[in-house]
Structure formats: structure tokens, C-alpha cells
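Engineer: Let me give you the structure first, and then I'll get to my questions.
The values are calculated or read from the model by the stated rules, or taken from the named source; none is laboratory data. All values derive from a computational prediction rather than experimental measurement. Heads up, the Cβs are rebuilt from the backbone with ideal geometry, glycines too, and the neighbour counts pull from every protein chain shown. We work out accessible area using only protein heavy atoms, side chains counted, and drop any ligands, DNA or RNA first. Shrake-Rupley method; radii C 1.70, N 1.55, O 1.52, S 1.80 Å.
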Amino acid sequence: MQVFFSQQIEAPYLYLTEEEAKHCVQVLRKKQGDVIHIIDGLGGFYKGEILNLHKKEVQIKILEQKFESKMNFDIHIALAPPKQTEKFEWFLQKATEIGISEITPIQSLRTERKKLRLDRMEKILISAIKQSKRARLPKLNGFTPFSKFLDNNLDGAKLIGHCDCPPTESLIYVYKKHEIFSEKKVTVLIGPEGDFTLEEVEKAKEKGFLEITFGEMRLKTETAGILACHSLHLLSQMEAYEKN
């Protein structure tokens, strides 16, 4: 099933703007009267009938609408992007498919990448929710210095994973010990390819971050990000199942 993305909604109509309209008309050869499926990135699924087609805009009449249920809590991964752009793009895609809520690329002392094309990253996120048929588009923040990120007033539980003098408590153990499932949001800090410095770890701890380990193996940055996202998503599902 082909899925389109639109946030141009004026009930009972919605509109596909230029890029999505071009794909609809020129690539997929959709016609007036065809029924298509749309997501809005805010949790809404739509089924609609094409009324008017143009290369730069497609008008659709909404036939059905439903909403994607939210997780028990939001998952926010703050990750120092790897030097190779494609590795960070891979993380964005897979984390979105799993169900991440918010992403912040951070600039720590050992972060090798200095710039990111956020417009390209946004397109990757949209493509990932369309492919996985999710209706919620993760929030993508701008490239943020590590110290500035720590100064943000972050809600919920805060975790930091690192390798130097690693902590002995796993993500799952900390999740249960500190009853993270009762929080509305979980933020996980993950360092660059050269890891956080010990000074950065200490600063994070002063701001209320709990240390976690991902096991004895040394993981790549993007792998650690996916592991954290998947583990928290799975734990959230198990928690919801146990409550029911």
C-alpha cells in the first residue's frame, strides 16, 4: 500500500504539495477518483479520494480518519553523529521505524562531524514513517553543543551511555530500578566514535543523568542509538502488556 505525507489539512479536504503531488501524478500515475492513503506526521491516518490533480498540488476528499496510539512514554535520543553521514542517516531511518519521538544531534568534544543538512534529514524521517506506515513524525532538533543540551530543561528520565570506565548497570536494570516506565519521556545521551570524555560524563551526572551500559561489547555510535531505542520501545510494550 502506497502512503503519502501531508500536513496541509483543511477538513474535509487535504492537499498533497509539490514533491508528494509530483510523485502521485507523474510517478504513480494516479487519476481523479482514485483512493489513496495519507499520514500527517501528527498521528493521523487518512483514506481519501482524489478530486483534482496538478503537478504542484493534489486535492483529496477525506473519506476516513483514525489515529495512531501513543507509546507509554516518548523516546528522545541525543546522539553525536558519526563522521560518515550515511551512518547517521541509517540511524535516523531505523530509529524512526522502531518508534523514536525526538532526535537531537549533539556536538561533543570528540564529535568529528561539524555540519548536518537538516533538510535532507527531515526528508529521511518522512520517508521512514511512510515506509513503516507510522503516523508520527519524530521531532528533529538542530545540531546542539553538548553543554547547551545539558542546560536544557529536559523532562522525564535522563540516561547517558559511555564506554570509558563503564558503569555496571544495564539499561534494562536502570529502567526497572528507577521506575522509568512511570516517566512520560526518556532521554538517552550517546557519545561520538571516540566516546564522551570523563569530564562530559561528570557534567551530565551533575545534571541528573544516570549512567548506563549497553554490555561488554564496544558498539558503534549508531548501533548504540538503535539498541537504546529498541530496548526502550520493547520495555514500554512489555509494561503496557503487563498492565492489561
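Engineer: Taking H as built 1.01 Å from N, whose amide H comes closer than 5 Å to the amide H of residue 136, not counting residues under 5 places away?
Structural biologist: 43
Engineer: Here is a further query. What accessible surface, in Å², does a 1.4 Å probe find on residue 144, ignoring ligands, DNA and RNA and rounding to the nearest 10?
Structural biologist: 20 Å²
Engineer: Within a Cβ distance under 14 Å of residue 126, other residues only, what is the Lys/Arg minus Asp/Glu net charge?
Structural biologist: -1
Engineer: Using the heavy atoms of the protein chains and a 1.4 angstrom probe, tell me the accessible area per residue for the stretch 156-217 in square angstrom.
Structural biologist: Per residue, the stretch 156-217 has an accessible area of 52 Å².
Engineer: Here's something else I'd like to know. Give the carbon-plus-sulfur fraction of the accessible surface of the chain in %, rounded to a whole number; probe 1.4 Å, heavy atoms of protein chains only.
Structural biologist: About 48 percent, which is the carbon plus sulfur part of the accessible surface.
Engineer: Here is a follow-up. Cut-off 10 angstrom, C-alpha nodes, Gaussian network model of the chain. Which of 99, 48, 161 fluctuates the most?
Structural biologist: 48
Engineer: Evaluate E = 1/(1 + (r/R0)^6) for residue 65 and residue 178, where r is the Cβ-Cβ distance and R0 equals 41 Å; express this FRET efficiency to the nearest 0.05.
Structural biologist: That pair, residue 65 with residue 178, gives E of 0.60.
Engineer: Okay, moving on. Taking amide hydrogens as modeled 1.01 Å from N in the peptide plane, which residues meet the under 5 Å criterion relative to residue 159, leaving out close sequence neighbours?
Structural biologist: Excluding prolines and chain starts, which carry no amide H, the hits are 187, 188, 189, 210.
Engineer: Given Cβ point charges of +1 (Lys, Arg) and -1 (Asp, Glu) and nothing else, what value in debye, to the nearest 20, does the dipole of the chain about its Cα centre take?
Structural biologist: Rounded to the nearest 20 debye, it is 780 debye.
Engineer: Hey, another quick one. Contact order normalised by length for the stretch 77-179, with contacts defined as Cα pairs under 8 Å and 6 or more residues apart; what percent is it?
Structural biologist: 29 percent
Engineer: Moving on. Highest GNM mean-square fluctuation, the chain, Cα pairs closer than 10 Å: which of 210, 53, 140?
Structural biologist: With Cα springs under 10 Å in the chain, the top fluctuation among 210, 53, 140 is at 53.
Engineer: How many Lys pairs in the stretch 170-244 lie less than 27 angstrom apart by Cα atoms, where the lysines are 8 or more positions apart or on different chains?
Structural biologist: So the count of such lysine pairs works out to 25.
Engineer: For every other residue with a beta carbon closer than 9 angstrom to the beta carbon of residue 37, add +1 if it is Lys or Arg and -1 if Asp or Glu, then tell me the sum.
Structural biologist: +2
Engineer: Please give the peptides 133-139, 8-14 ranked by average Cβ packing (other Cβ atoms within 10 Å per residue), highest first, as a rough proxy for protection.
Structural biologist: Final packing ranking: 133-139, 8-14.
Engineer: In whole Hz and in residue order, list the ³J(HN,Hα) couplings for the stretch 93-101 that follow from phi through the Karplus curve 6.51 cos²θ - 1.76 cosθ + 1.60, θ = phi - 60°; x for Gly and Pro.
Structural biologist: Karplus values, whole Hz, x for Gly and Pro: 5, 5, 5, 5, 4, 6, x, 6, 9.
Engineer: Still on this structure: Check cross-link reach from residue 22 to the lysines: straight Cα distance under 27 Å, and skip same-chain residues fewer than eight apart.
Structural biologist: 30, 31, 47, 55, 56, 61, 66, 94, 123, 130, 133, 139
Engineer: How do 163, 24 stack up against each other in accessible area, from largest to smallest, with a 1.4 angstrom probe?
Structural biologist: So, going from the largest accessible area down, we get 163, 24.
Engineer: Mind jotting down the distance between the C-alpha centroids of the stretch 24-93 and the stretch 174-194, whole Å?
Structural biologist: First find each Cα centre; the distance between them is then 28 Å.
Engineer: Amide H of residue 4 versus every other amide H placed in the peptide plane: which residues, excluding those fewer than 5 positions away on the same chain, fall under 5 Å?
Structural biologist: Result for residue 4 returns 37, 38, 39.
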